[in-house]
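Just below is one structure, and these are the notes that go with it.
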């Protein structure tokens, strides 16, 4: 893998030009309709919140007053649409959740607390329109001429993006910069999921379901699956960006290869890869096109990796079931993993939820199921291993 | 001439270049495509540095021409 050196080349260029270098041509967050910029911190037993939105200047409140001011900015689960939490402080959501948990279910701020709980749940879904963690989003969009640790500081981004305001209005200014390009493909389906879970949160609030209760096994399992799907979808969304694909060559997620002269079968294509570190494995579905990673793909072909091997000093990939637009021998092609299909994912989740809801399914009866394996994204594993 | 690089970035770059035989100045020259010679073992690093720089250069140029 040479991705770190690729990034270093970009950092050195950014340092030379004193200008952020785009990693993506697209915005890594969806279109945000109703942003509310928030910073919250714990002070002893209290939580202090500062918030603003495009029409309201920043206001600060403590504990109940903080919930009141958030409620007045539309942060209420009883509203028709959700507010998007915009923050550059990784501790803000935890402080808000602390405040929400202290609020009794029958209090006047219950609807605000339930909205915060929904933010907390959707924050696990990359590319969601419920929350935007600005530092993560900025790191996805640009690389700066500094060491990576410096990109963990909001002040670094304000300097490089020439944002003078270090308050909540500054957060909204950075959000405007982040979203000055069309969003990545596939993020729309994550917003649809946001809308679906928002409707569910509203109806559960109406039914007086208490979000503070621990999840049932079924709810936790379905939640984990939905998080895995979202991580896969976001990874697919990133690979749809031409600029991102050029870096992905150095991480092995995108492959450049030459089509060989003697394919083994009618729908088979043999490819000699430029690099040995491709992440494609037998059984992976792929999309390819004749041309370079930054090309758009007017005539893509699809296939499945049916074999891998080494030919001389080069990696040999065999693709089977190649559909139309099959490349010719001698042409150079770019391969990426096939983009996940949001409809298939949703159907899979519905089926999974049905199995959990059916008393005689293998999930609820405890019968040993036939094993199937899939990769769990590293982010999900790390989140699952955390104590809290 | 290369602009002086931020000291923390420089230390980070030195760590990342360990084993390649490249000094930071050489790495920057390789990236910018102005290096005339480089250590033999630095092939992969030099190519990746050059690619990163080239992609950044083009992306910034495209962004400037769009705005």
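Computed over the stretch A:319-364, the convex hull of the alpha-carbon atoms projects to a mean area of 5.3 nm².
Each label was represented as a point 7 Å from its Cα along the Cα-to-Cβ direction; for residue A:224 and residue A:274 these points are 4.0 nm apart.
If R0 is taken as 56 Å, the Cβ-Cβ distance between residue A:208 and residue B:14 corresponds to a FRET efficiency of 0.40. Considering all C-alpha pairs of the stretch A:69-148, those separated by over 22 Å amount to 29%. The tail of the calculated P(r) for the stretch A:1-41 beyond 17 Å holds 58 percent of all Cα-Cα pairs. Volume per residue of the convex hull around the Cα atoms, evaluated for the stretch A:261-330, comes out as 94 Å³.
Would you mind giving the mean number of other chain beta-carbons within 10 Å of the Cβ of each residue in A:19-26, as a whole number?
Working: counts 4, 3, 8, 6, 3, 1, 4, 0.
Counting other chains' Cβ atoms within 10 Å and averaging over A:19-26 gives 4.
Binning the alpha carbon pair distances of the stretch A:243-388 at 5 angstrom intervals from zero yields the distribution 2, 9, 15, 18, 15, 12, 10, 8, 7, 4, 1, 0, expressed in whole percent.
Roughly what % antiparallel, to the nearest 5, for the DSSP beta bridges in the protein assembly as shown? Approximately 85 percent, going by the DSSP bridge assignments. Classify the stretch A:106-164 from the C-alpha gyration tensor, please: rounded if a/c falls under 1.5, else prolate or oblate depending on whether a/b exceeds b/c. The shape class here is prolate. How far is helix A:242-251 tilted off the main Cα axis of chain A, in degrees rounded to 10, range 0 to 90? Helix A:242-251 and the main axis of chain A meet at about 70 degrees. Given R0 = 56 Å, the distance between the Cβ atoms of residue B:25 and residue A:195 translates into a calculated FRET efficiency of 0.60.
Build a GNM of chain A with springs between Cα atoms under 10 Å: which of A:343, A:125, A:301 gets the top mean-square fluctuation? Per the Cα network of chain A with a 10 Å cutoff, A:343 tops the list.
Taking every pair of alpha-carbon atoms in chain A, give the share separated by more than 33 Å as a whole percent.
Roughly 41 percent, rounded to a whole number.
Peptide A:145-155 is shielded by partner chain Cβ atoms: per residue, an average of 3 of them sit within 10 Å of its Cβ. Specify the residue with the greatest mean-square fluctuation among A:137, A:221, A:34, computed from a Gaussian network of chain A linking alpha-carbon atoms under 10 Å apart. With Cα springs under 10 Å in chain A, the top fluctuation among A:137, A:221, A:34 is at A:221.
May I ask for the distance between the Cα centers of the stretch A:270-298 and the stretch A:163-181, given as a whole number of Å? Between the Cα centres of the stretch A:270-298 and the stretch A:163-181 lies a distance of 37 Å. Under the classification rounded if a/c is under 1.5, otherwise prolate if a/b is larger than b/c and oblate if not, where does the stretch A:45-85 fall, given a ≥ b ≥ c as square roots of the Cα gyration tensor eigenvalues? It comes out oblate by the Cα gyration axes.
Averaged over peptide B:54-66, how many Cβ atoms belonging to another chain are found within 10 Å of each residue's Cβ?
Rounded to a whole number, the mean comes out at 6.
Can you tell which of A:372, A:206, A:87 shows the greatest fluctuation in a Gaussian network model of chain A with Cα springs below 10 Å? Of A:372, A:206, A:87, the Gaussian network model singles out A:372 as fluctuating most. Here is how the number arises for chain A: DSSP H runs of 4 or more residues each give -39500 (n - 2.57), the sum is divided by the residue count, and the result at 222 nm is -12500 deg cm²/dmol.
Per the Debye calculation on the stretch A:90-134 with a single equal scatterer at every Cα and no solvent contribution, log₁₀ I(q)/I(0) for q = 0.23, 0.26, 0.29, 0.31 Å⁻¹ amounts to -0.76, -0.90, -1.03, -1.11. The length gained by stretching the chain between residue A:383 and residue A:136 to full extension, at 0.36 nm per residue less their Cα-Cα distance, is 87.3 nm. The smallest convex shape that holds all Cα atoms of the stretch A:161-236, its convex hull, gives 150 Å³ per residue. How tilted is helix A:217-239 with respect to the longest principal axis of chain A? Cα atoms for both, answer in degrees (0 to 90, nearest 10). Once rounded, the angle reads 60 degrees. With respect to chain B, whose longest principal axis is taken over its alpha-carbon atoms, helix B:7-16 is tilted by about 60°.
Just so you know, all these numbers are worked out from the coordinates, no wet-lab data involved. Computed from a predicted structure; not experimentally measured. In this analysis, Cβ positions are derived from the backbone assuming ideal geometry, glycine residues included, and neighbour counts consider all displayed protein chains.
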